[in-house]
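The values are calculated or read from the model by the stated rules, or taken from the named source; none is laboratory data. A quick note: this is a predicted structure, and the numbers were derived from the prediction, not measured. Cβ sites come from the backbone with ideal geometry, for glycine too, and all protein chains shown count toward neighbours. With ligands, DNA and RNA removed, areas are computed over all heavy atoms of the protein, side chains included. Shrake-Rupley method; radii C 1.70, N 1.55, O 1.52, S 1.80 Å.
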Amino acid sequence: MSSASEPLNLAIVDDHKMLLGALTEWIRSAAPDINLVAAVSSWPELLTHPQFPVDVVLLDLDLKDNLPISLKISTLKTTGVKTVLMSTYSEPNVVREALAAGALGYLVKTEDASMIVEAIRAASNDESFISAELDLAINQTEVGGAPKLSAQERRVMALYGGGEPVKAVAYQLGISEETAKSYLKRIREKYRIAGIDVGTKVALRKRAIADGILLRSDGPREF
């Protein structure tokens, strides 16, 4: 993992040239803490790249090379590289297989670009980051039960439920205001699927207390 003062080195592997170009341009302009050192369209190109191994690889699940994704992930793990997967589809069994093999992130390609960057940062810190819709598919909860939230989602819920405005939440967590809003949207969607309405700030605060994310008297909990 790269240190806080040192940009993390990223490689992207995607055989869709237009998407590869768009992601490259966006990350380089919007994420100064990420050093994009390789943007290639095939698995062999990644392994033979002079900058490999990197800290994190953003890897297209759908490369047409007939190599098992579990083999790719295990190869990256042996070289100390963290893997975040992207896919055009979201089959829960495929997600489970990828996570079991050691992938730290899994995103559908329709995800906001800001969330892709968050997934890369999370992976560099050994934190998992799963696209909200996939998380719901693989971690279905009974109606009325608390949904499974990521560590960052719990932090956002604690701060926001504790009374902080979105701008302050973003500042304290070192993310953009738009990303903080995306997290709140994901949190509310997860609770909605579980049959729990946290549409208002008051309702979200009450639920944060009920689920042990926020202490009633002490304000936001430290994580």
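A few comments on the model shown:
- Region 8-19 - phi-based ³J(HN,Hα) in whole Hz, Karplus 6.51/-1.76/1.60, Gly and Pro as x: 7, 8, 10, 10, 10, 10, 7, 7, 8, 4, 5, 5
- Judged by the ratio a/c of the largest to the smallest principal axis of the C-alpha gyration tensor, region 34-74 counts as prolate, that ratio being 1.5 or greater while a/b is larger than b/c.
- Close amide-amide hydrogen proximity is noted between residue 129 and 105, 106, each under 5 Å apart and 5 or more residues distant or on a separate chain (H modeled in the peptide plane; Pro and chain starts excluded).
- Put simply, the amide H of residue 36, placed in the peptide plane, has neighbours under 5 Å in 10, leaving out anything fewer than 5 places away on its chain.
- Distance between region 1-63 and region 146-202 - C-alpha centres, whole angstrom: 28 Å
- Probe 1.4 Å, all protein chains present, accessible-area order of 166, 202, 81, largest first: 202, 166, 81
- Amide proton proximity set for residue 214, modelled H, under 5 Å, gap of 5+: 209
- Comparing mean-square fluctuations of 180, 22, 98 from a GNM of the chain with C-alpha springs under 10 Å, the top value falls on 22.
- Relative contact order, percent, the chain [alpha-carbon distance under 8 Å, six or more residues apart]: 14 percent
- Candidates 32, 92, 53: whichever shows maximal mean-square fluctuation once the chain is modelled as a Gaussian network with Cα springs under 10 Å: 32
- Karplus-derived HN-Hα couplings along region 112-129 (A = 6.51, B = -1.76, C = 1.60, θ = phi - 60°), whole Hz, x at Gly and Pro: 4, 4, 4, 6, 5, 5, 4, 5, 5, 5, 4, 4, 5, 9, 6, 9, 7, 8
- Derived scalar couplings ³J(HN,Hα) [region 97-109; Karplus, 6.51 cos²θ - 1.76 cosθ + 1.60; whole Hz; x for Gly, Pro]: 4, 5, 5, 5, 6, x, 5, 9, x, 8, 10, 7, 6
- Only Lys, Arg (+1) and Asp, Glu (-1) charged, at Cβ; the chain dipole about Cα centre in debye: 760 debye
- The residues of the chain have, on average, 49 Å² of accessible surface per residue, using a 1.4 Å probe with all protein chains present.
- Virtual spin-label span in nm between residue 126 and residue 176, 7 Å along Cα→Cβ: 3.0 nm
- Cα gyration tensor, region 41-108 - rounded (a/c under 1.5), prolate or oblate: prolate
- Tensor-based shape of the chain (alpha-carbon gyration tensor, a/c under 1.5 rounded, otherwise prolate or oblate): prolate
- Residue 215/residue 24 FRET efficiency (R0 41 Å; Cβ-Cβ; nearest 0.05): 0.40
- In the context of the full protein assembly, residue 78 retains an accessible surface of approximately 120 Å², using a probe radius of 1.4 Å and ignoring ligands and nucleic acids.
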